[in-house]
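The structure appears below as structure tokens.
The values are calculated or read from the model by the stated rules, or taken from the named source; none is laboratory data. None of these values were measured; they are calculated from a predicted model. A quick note on method: Cβ atoms are made from the backbone with ideal geometry, for glycine too, and the neighbour counts reach across all protein chains shown. For accessibility, only protein heavy atoms count, side chains too; no ligands or nucleic acids. Shrake-Rupley method; radii C 1.70, N 1.55, O 1.52, S 1.80 Å.
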Amino acid sequence: MSPTATRPTLTQESVLDAAFRIVESEGGSALTFRRLGAELGADPTAVYRHFRDKDELLLALADAFYHRGMGDFVPADDWRETLRSLAERTRAAYVAHPALAALAAARTTRRPAEMRAVEIILGALRAAGLGERDAAVFHRVYADTCLAW
């Protein structure tokens, strides 16, 4: 790069967008910091300013996938409808983006989008009459059933 050329400004969002593109077009195994650097027109080490390692990148990518999949989801008044429509939305995202789904399904991110989904599911299960303990158990059953579907 020449001294007068403008270097791209990287953000977590731009890195995640590039990671989405790489995984979608080349699969999860193609996602490396070197490949991200090439995709972004930046030195691969620049990615480390936003993600300390590949594991942190994968967790952020999975959570971004959940966030994009949930979009503007609003729980319905009826708990059954909430669970049904969330399951359908989850399935649609996983079918539309199988390579990203494979990365996300294998991880628990404990990040905002995943926690939002968990709270929606637990709220629906509590609305169905389950106590806290049973709602937690059936959350796992529901989530695993959605992933298997």
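Tabulated data for the structure shown
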| quantity | calculated |
| --- | --- |
| Test: residue in the stretch 123-131 that is closer than 16 Å to HIS67 by Cα and either within 14 Å of the chain's Cα centre (by Cα) or assigned to a helix (DSSP H, G or I) (or both) | no |
| Residue ID - modelled with the highest pLDDT, chosen from residues in the stretch 72-90 that are in a loop (DSSP other than H, G, I, E, B) and among the hydrophobic types (A, V, I, L, M, F, W, C) | ALA76 |
| Options GLY37, GLY41, GLY27; residue that is closer than 29 Å to THR9 by Cβ, out of contact with any helix residue (DSSP H, G or I) (no Cβ under 9 Å at 6 or more places or on another chain) and among the small types (Gly, Ala, Ser) | GLY41 |
| Tabulated pairs, the stretch 15-38, first of a type in the set (Ser, Thr, Tyr), second surrounded by fewer than 16 Cβ atoms within 10 Å (Cβ to Cβ), C-beta under 9 angstrom, 6+ apart or interchain | THR32/PRO44; THR32/LYS54 |
| Leading residue by the ranking (most open to solvent (accessible area, probe 1.4 Å)) among those in the stretch 50-71 that are in a helix (DSSP H, G or I) and touching a Leu at 6+ places or on another chain (Cβ under 7 Å) | LEU58 |
| The stretch 91-143, residues that are among the charged types (D, E, K, R) and modelled with pLDDT under 90 | ARG107 |
| Residue list for the stretch 132-149, restricted to those being over 16 Å from the mean Cα position of the chain (by Cα), among the hydrophobic types (A, V, I, L, M, F, W, C) and open to solvent by 50 Å² or more (accessible area, probe 1.4 Å) | ALA136, VAL137, PHE138, VAL141, ALA148, TRP149 |
| Cβ pairs under 8 Å, 6+ apart, first in the stretch 97-125 and touching a residue at least 12 places away in the same chain (Cβ under 8 Å), second open to solvent by 50 Å² or more (accessible area, probe 1.4 Å) and small (Gly, Ala, Ser) | LEU122/ALA136 |
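Conditions (1) part of a helix (DSSP H, G or I); (2) out of contact with any His (no Cβ under 7 Å at 6 or more places or on another chain); (3) at pLDDT below 95; (4) open to solvent by 20 Å² or more (accessible area, probe 1.4 Å), marked per residue:
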position: ARG7; (1), (2), (3), (4): no, yes, yes, yes
position: LEU10; (1), (2), (3), (4): no, no, yes, yes
position: VAL15; (1), (2), (3), (4): yes, no, no, no
position: ALA19; (1), (2), (3), (4): yes, yes, no, no
position: GLU24; (1), (2), (3), (4): yes, no, yes, yes
position: SER29; (1), (2), (3), (4): yes, yes, yes, yes
position: ALA42; (1), (2), (3), (4): no, yes, yes, yes
position: VAL47; (1), (2), (3), (4): yes, yes, yes, no
